[in-house]
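In what follows, a single structure is set out as structure tokens and then discussed.
The values are calculated or read from the model by the stated rules, or taken from the named source; none is laboratory data. Keep in mind that what you see is a predicted model, and the values were worked out from it rather than measured. Note: ideal-geometry Cβ built from the backbone for every residue, glycine included; neighbour counts use all protein chains shown.
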Amino acid sequence: METVLITGANRGLGLEFVRQYNAAGWRVFACCREPTGAAARDLNMLAGTSGRRVTVHRLDVANHAQVDQLALSLKREAIDVLINNAGVQGPNEDFGKTDYKRFAQTLAINVLAPMKVAEAFAGHLAASRRKVLATISSRMGSIGLTTGDTAIAYRTSKAAANMVAKNLAGLLGPLGITVLALSPGWVKTDMGGANAPLDVPTSVAAVRAIVARATAAESGKFFHYDGTDLPW
Amino acid sequence: MVAPGGAVALAAAGRVTLHAFDVAEHRTVDRLARELAGEPIDILLNAAGLAGHEPQAFGLVDYSDWLAVLQVNVMGPLKMAESFVDHVEASERRTIAILSSRMGSIHETPGGYYPYSSSKAAVNMVGRSLAADLDARDITVVMLNPGPVAAATDRGGLSATASVAQLRAVIERLTPADSGSFLNYDGSACPW
């Protein structure tokens, strides 16, 4: 049975990844910060009706000891696809009023955590058949396309996450691991807001399709959900 | 806070003044901006940066050091721009330059050095955002790759003297149309 690990799995895109991989018959390690809280109710209901294919795991990606602990507890498991989905939007003040504490937290979660997860789970990926490590980035992280104006911490964090993904692609290539930076598009989630043009299932289905057809030739690339290449 | 004592000799000529501050300590940035209130600054040159501790290899990454690198290399230039924007706007040249690195080119990255390379890619985004945000104030923002500057004992690298001379020439030639670009020390464009 094919296996996927998803971070930030209790809501938004993460929860939909769990739904769709579960519906496709995959085994799902669904990770979230507070698996016992109200925020994980939908995820737990899904897990409860999955015939044990979906398991819920406590994981705060900013807590690196917890990342190591989870990797250790899953050490015998091969993981075909790992989706670094957990992320934060960060502060969004005007120029001159940047909240640097929250800027740093945004970098810790959106940049450092995907790297930590990759360090901890590269062995699980290498032991699997598909070996795909996907980081959910954003078109807003394209330096070439940026027009400034809003969410500088978020855009900066996604540009840096793209650099990490590109470097990981080079390093993990010899292990047969394909590393992708993926933009889900502008999606109707808590983060994307109600005005977003894309609904969650459509975005996730498109991202899953990119992951499904990814080969070593695509490793180190940055794709929009529609499959087009995005510039760095 | 680093004492600027090593640069005392430079100050002997009188036009160079020394100011102690730390780009990671934002109170000291604000304090310096206040001390220099009313002074137009033609070129704000963000050269302060951290390379990060070795090793920076996969499996050995020191995450607290990585955050310290981001604090200085990414948030530092943004904070400097926020604090000194009025000084720069009041000048003739109205230029903010950020020393980045070719290692910050995602397209050309040689791999490894996760903390340093990610910080330079990130500051390229910061600089490009600043270029857009400060366009209405006629401020030009560029990111510069100083080239493979070698220590005096290395062979084949670019000397600091030569790199700086070329960077200064690039800065001299800047026009508002260059704002938001990432330029090599020879003036050519560096890919993102």
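Note on the range A:144-181: residues that are closer than 23 Å to B:TYR116 by Cβ and out of contact with any strand residue (DSSP E or B) (no Cβ under 7 Å at 6 or more places or on another chain) total 19. Each residue in the range A:72-107 was checked for being crowded, with 21+ Cβ neighbours inside 10 Å, farther than 19 Å from A:VAL18 by Cβ and of a type outside the set (S, T, N, Q), and 3 of them qualify. Exactly one residue out of B:SER100, B:SER91 is under 22 Å from B:ILE43 (Cα atoms), more than 7 Å from chain A (Cβ to nearest Cβ) and either over 15 Å from the mean Cα position of the chain (by Cα) or free of Cβ contacts under 8 Å to residues at least 12 places away in the same chain (or both), and it is B:SER91.
Suppose we keep only residues that are within 7 Å of chain B (Cβ to nearest Cβ) and more than 14 Å from A:ALA151 (Cβ to Cβ) within the range A:91-110. Which one would you say is farthest from the chain's Cα centre (by Cα)? Outline the logic, then answer.
Kept after step one, since they are within 7 Å of chain B (Cβ to nearest Cβ), are these residues of the range A:91-110: A:95-96, A:98, A:100, A:103-104, A:107-108.
Still in the running and more than 14 Å from A:ALA151 (Cβ to Cβ): A:96, A:100, A:104, A:108.
On the way: A:GLY96: 31, A:TYR100: 24, A:ALA104: 19, A:ALA108: 14 Å.
Ranking the candidates gives A:GLY96 first.
Of all residues in the range B:88-99, none satisfies the criterion of being outside any loop (DSSP other than H, G, I, E, B), touching a strand residue (DSSP E or B) at 6+ places or on another chain (Cβ under 9 Å) and surrounded by fewer than 18 Cβ atoms within 10 Å (Cβ to Cβ). With the condition kept exactly as written, say whether any residue in the range B:13-31 is touching a residue at least 12 places away in the same chain (Cβ under 8 Å), of a type in the set (Gly, Ala, Ser) and part of a helix (DSSP H, G or I). No. Looking across the range B:53-87 at every residue that is assigned to a loop (DSSP other than H, G, I, E, B) and under 19 Å from A:ALA165 (Cα atoms), the one that is farthest from the other protein chains (Cβ to nearest Cβ) is identified as B:PRO55.
Would you check which residues across the range B:19-35 are in contact with a helix residue (DSSP H, G or I) (Cβ under 6 Å, 6 or more places away or on another chain) and surrounded by 13 or more Cβ atoms within 10 Å (Cβ to Cβ) and list them? So that I can check it myself, show each step before the final result.
Taking the range B:19-35 and keeping what is in contact with a helix residue (DSSP H, G or I) (Cβ under 6 Å, 6 or more places away or on another chain), we get B:19-24, B:26, B:29-30, B:33.
Matches in the range B:19-35: B:PHE21, B:ASP22, B:VAL23, B:ALA24, B:HIS26, B:VAL29, B:ASP30, B:ALA33.
Just one of the listed residues (A:GLY141, A:GLY192) is within 24 Å of B:LEU130 (Cα to Cα) and within 8 Å of another protein chain (Cβ to nearest Cβ), namely A:GLY141.
How many residues are within 9 Å of chain B (Cβ to nearest Cβ) and surrounded by fewer than 22 Cβ atoms within 10 Å (Cβ to Cβ) if we restrict to the range A:117-138? Step through it out loud before you land on a result.
First, pick out the residues of the range A:117-138 that are within 9 Å of chain B (Cβ to nearest Cβ): A:118-119, A:122.
With the extra rule that they be surrounded by fewer than 22 Cβ atoms within 10 Å (Cβ to Cβ), the set shrinks to A:119.
Result for the range A:117-138: 1.
Among residues of the range B:159-176 that are farther than 15 Å from B:ILE139 by Cα and surrounded by 12 or more Cβ atoms within 10 Å (Cβ to Cβ), those with a Cβ under 6 angstrom from a residue that is among the small types (Gly, Ala, Ser) and at pLDDT 95 or above, sequence gap 6+ or separate chain, pair up as B:VAL170/B:GLY187. Kindly check whether there is at least one residue in the range A:113-130 that is more than 30 Å from A:ARG76 (Cβ to Cβ) and under 15 Å from the mean Cα position of the chain (by Cα). The answer is no; no qualifying residue exists.
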